[in-house]
1. Consider V35 carefully, then state whether it is of a type in the set (A, V, I, L, M) and not in a loop (DSSP other than H, G, I, E, B).
2. Is there a residue being of a type in the set (D, E), at pLDDT 95 or above and under 30 Å from D184 (Cα atoms) anywhere in the stretch 40-56?
3. Report, ordered by the first and then the second residue, all pairs with beta carbons closer than 6 Å, sequence separation of six or more or different chains, a first member in the stretch 199-218 that is at negative phi, and a second member that is of a type in the set (D, E) and in a strand (DSSP E or B).
4. Filtering the stretch 136-180 down to residues that are charged (D, E, K, R) and farther than 24 Å from E215 by Cα, which residue is surrounded by the fewest Cβ atoms within 10 Å (Cβ to Cβ)?
5. Do we have K125 as farther than 19 Å from E65 by Cβ, among the basic types (K, R), touching a Ser or Thr at 6+ places or on another chain (Cβ under 9 Å) and surrounded by 19 or more Cβ atoms within 10 Å (Cβ to Cβ) here?
6. Applying the selection to the stretch 182-201, what residues are under 20 Å from G135 (Cα atoms) and either surrounded by fewer than 15 Cβ atoms within 10 Å (Cβ to Cβ) or over 17 Å from the mean Cα position of the chain (by Cα) (or both)?
7. Name the residue that is farthest from the chain's Cα centre (by Cα), counting only residues in the stretch 93-115 that are farther than 20 Å from P192 by Cβ and β-branched (V, I, T).
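The values are calculated or read from the model by the stated rules, or taken from the named source; none is laboratory data. Quick caveat: nothing in here was measured; it's all calculated off a predicted structure. Counting neighbours? That spans all protein chains shown, and the Cβs are built from the backbone with ideal geometry, glycine included.
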Amino acid sequence: MKRTTIVVISLLIVLAACNCDKPTGNNDKPVPDEVENPLWPFYEGNWWLLDVWDNESGENLEYFERYEVVSLFRYEDHRVAEVRLDMIYEDSVFASFTMWIGNTDTGLYLYAPYENDFEPFSSPKLLYKHPAEDGEIFESYALDETQENTDPMQYLGTGLWPVEVPAGIFVNCGIYYGCRPPADETYNYFIPDTGYVRMEKYVASSLVKTRSLSEFHLSE
């Protein structure tokens with residue numbers, strides 16, 4: 001495959017220690033604990049490697065995305081993770097982004113644009129509602145690359161079918177379905193306390209892109 005410059009804005013966040021061995025955030029307050037049963041668990045040192053296949057442009061590209069929690073900090077009353085996203089082709093990083101992301105008791109939120117500096121939105125943007133009722137529909141920013149507009153997303157349920165990826169077979173994935181006119185459909189699969197497992201994108205019912213969990217490390 002020819003080396004190709006790819007710009008992908010995915011779904012797809014500074015650490016200090018205090019006497020209680022917790023990192024501190026703004027105003028020297030401790031960083032809040034991670035929520036129970038987080039959709040995508042963010043602890044320093046956690047990482048996920050996803051194998052990406054992309055045929056949206058007709059070029060049949062293959063590369064990897066590596067998400068690693070670099071640090072944790074407090075923003076207002078929220079626990080925010082600085083996550084570095086490296087895009088890798090033939091063992092070389094060809095693009096890097098910084099994600100500012102975190103869990104709350106209502107879901108997974110994006111706190112700032114994909115930038116190297118933390119420039120928070122006026123309010124966090126909901127990516128995936130969690131927990132959610134089977135069949136529940138909510139407004140999500142996950143499908144909008146500009147991070148400015150919401151699209152309806154539906155939580156289909158948990159464990160509706162097994163998901164096989166290089167990292168193994170996962171039987172209890174929570175499945176989120178999104179649709180953007182005229183004919184784009186996306187399925188995102190998560191295992192709470194493990195994280196992002198798979199993504200499938202279809203255009204006019206044809207599969208054009210996937211992300212599949214290849215390896216991961218959870219420090220807690």
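1. It is false that V35 is of a type in the set (A, V, I, L, M) and not in a loop (DSSP other than H, G, I, E, B).
2. Yes, some residue in the stretch 40-56 is of a type in the set (D, E), at pLDDT 95 or above and under 30 Å from D184 (Cα atoms).
3. Cβ pairs passing all conditions: Y202/E185; V203/D184; K209/D54; T210/E200; S212/D51; S214/D51.
4. Applying the filter and picking the extreme gives E148.
5. When the stated conditions are applied, K125 passes them.
6. Those that are under 20 Å from G135 (Cα atoms) and either surrounded by fewer than 15 Cβ atoms within 10 Å (Cβ to Cβ) or over 17 Å from the mean Cα position of the chain (by Cα) (or both): D184, E185.
7. Looking at the filtered set, the residue picked out is V93.
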